[in-house]
1. Would you order C95, C136 from fewest to most other beta-carbon atoms within 10 Å of each residue's own beta-carbon?
2. Excluding residues on the same chain fewer than 8 positions from K295, give the aspartates and glutamates whose Cα lies under 20 Å from its Cα.
3. Which GluC sites (Glu not before Pro) in the stretch 243-284 pass both tests, a DSSP loop state and at most 16 other beta-carbon atoms within 10 Å?
4. Place a point 7 Å from the Cα of I328 along the Cα-to-Cβ direction; which residues of the stretch 204-226 have their backbone N under 20 Å from it?
5. Which residues' amide hydrogens lie under 5 Å from the amide hydrogen of R113, considering only partners 5 or more residues apart or on another chain, with H built in the peptide plane?
6. Would you mind ranking T268, T147, T173 by Cβ crowding within 10 Å, fewest neighbours first?
7. Gain in length, L117 to L386, computed as 0.36 nm per residue apart minus the alpha-carbon separation, to one decimal in nm?
8. Can you tally the net charge around H82? Count Lys and Arg as +1, Asp and Glu as -1, for every other residue whose Cβ sits under 14 Å from the Cβ of H82.
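Readers should treat all values here as calculations from the given coordinates under stated rules, not as data from a laboratory. What you see is a predicted model; the values in this text were computed from it and never measured. Here the Cβ positions follow ideal geometry from the backbone for every residue, glycine too, while neighbour counts run over all protein chains shown.
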Amino acid sequence: MTKVNDIVIIGAGQSGGWAAKTLRDSGFTGSVQLIGDESHLPYERPPLSKQVLLGEFEPGACQLWSSERLEELGIKAELGNHVELVDRRGGQVVCREGKSFRFDQLLLATGSRPRRLICEGGELAGVHYLRTIDDCMAIRASLGPDTRLVVVGGGWIGLEVAAGLRARGAHVTVLETSEHLCGRSLSPSLSKYFLEQHLRRGVDVRLGARLKRFVGKGRIQGVELDDGSMLDATVVLVGIGAIPNDELARSCGLEVGNGIVVDEHCRTSDPRIFACGDVSDQPLGEGRVRLESWKNAQDQGVAAAKAMLGIDSLARELPWFWSDQFDINFQLVGIVPPTAQQYRKANASENGFIDFFVQEGRLVAAAAINSPRELREAKRAIQKALPFCVDGLVLV
């Protein structure tokens with residue numbers, strides 16, 4: 001194997017940041033170059049829709065490491081720059097305005113971006129998307145005592161923001177085109193649970209809602225629906241999914257599916273190039289998935305760095321996701337197959353429950369409301385792959 005002296009990581013977010021640090025923690029002494037579009041050092045994104053948006057944390061609280069720590073580790077960071085070209089044959093990446101970096105191995109940790117909504121008025125001030133620190137601070141600056149928020153899209157980001165601002169007294173309306181909240185990731189019964197919780201706390205949730213246009217003179221003032229109704233709005237958050245930033249991979253000829261196609265070691269179709277985080281289309285079970293979660297971003301960053309150094313990584317952790325809304329802590333572990341049976345253990349905690357997803361007599365996933373201890377036990381049961389007893393549980 002050719003000696004690796006120079007490693008370049010495109011993407012200075014959570015996944016790329018953890019990859020860089022893991023290279024040093026694993027003994028790599030060559031050059032490590034991080035390149036990021038944003039002007040911020042590597043940081044975690046979950047607080048952006050919660051504590052940072054609400055002013056409980058400042059953006060620095062999301063930061064993984066200080067610039068001093070990165071300097072101690074010998075990790076170079078090129079921030080606020082964009083890679084325009086990956087030259088696989090020449091082993092270099094070319095940035096905006098011609099700046100280039102040589103690599104022996106390359107890691108693509110380019111993440112994803114919000115899907116844009118194309119409609120009249122979409123360019124008005126006050127219409128926001130939430131992905132970055134800058135996005136978060138722009139939304140925060142637009143909030144006031146008489147905030148009227150309209151959330152377009154009943155997914156996780158939208159529901160977390162809706163919950164946080166409603167708890168602070170804002171008038172909040174959520175518009176969802178389908179008949180279920182978080183329909184791509186939740187069973188109908190869990191979707192109904194979140195709907196009831198938001199309605200009970202005064203969020204105006206409208207399922208099957210069709211947006212026609214945004215209305216305002218320079219700044220958002222209202223949202224018009226297809227049925228002719230008009231909603232007053234001082235702030236709009238659009239959360240209708242994410243698109244993997246796989247353009248660099250496509251342009252340099254790597255295999256791309258729903259993101260950059262990688263094997264179980266995060267290696268792409270070019271053995272010198274790896275990918276991790278939100279942008280990676282990875283094998284899981286009998287299929288392939290692209291996971292957008294805090295845990296996957298970190299775990300894959302660590303795994304990719306070790307694979308680049310030829311180090312056997314630990315057994316893959318189960319996918320894990322969480323969301324905090326109002327006084328609700330939701331956690332999901334595993335992947336829910338469409339054919340799984342759902343069983344519920346009610347009153348698993350004082351104000352919660354846990355749902356078990358069972359296929360062919362074995363537990364494959366679990367979803368918990370305010371029941372972290374029970375979820376940990378379920379995780380162990382999934383990992384052991386033992387027959388699962390459903391006695392005493394209620395089929396949902």
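1. Arranged by neighbour count, lowest to highest, C95, C136 become C95, C136.
2. Output for K295: D25, E44, E160, D263, E264, D278, D281, D312, E317, D324, E374, E377.
3. Those that pass, being in a loop and sparsely packed, are E255, E264.
4. Within reach of a label on I328, which here means backbone N under 20 Å from a point 7 Å along Cα→Cβ, the stretch 204-226 contributes 204-209.
5. Sorted by chain and number, the residues that satisfy this are I243, N245.
6. By the 10 Å Cβ count, ascending, the order reads T147, T173, T268.
7. Answer, rounded to one decimal: 92.3 nm.
8. -3
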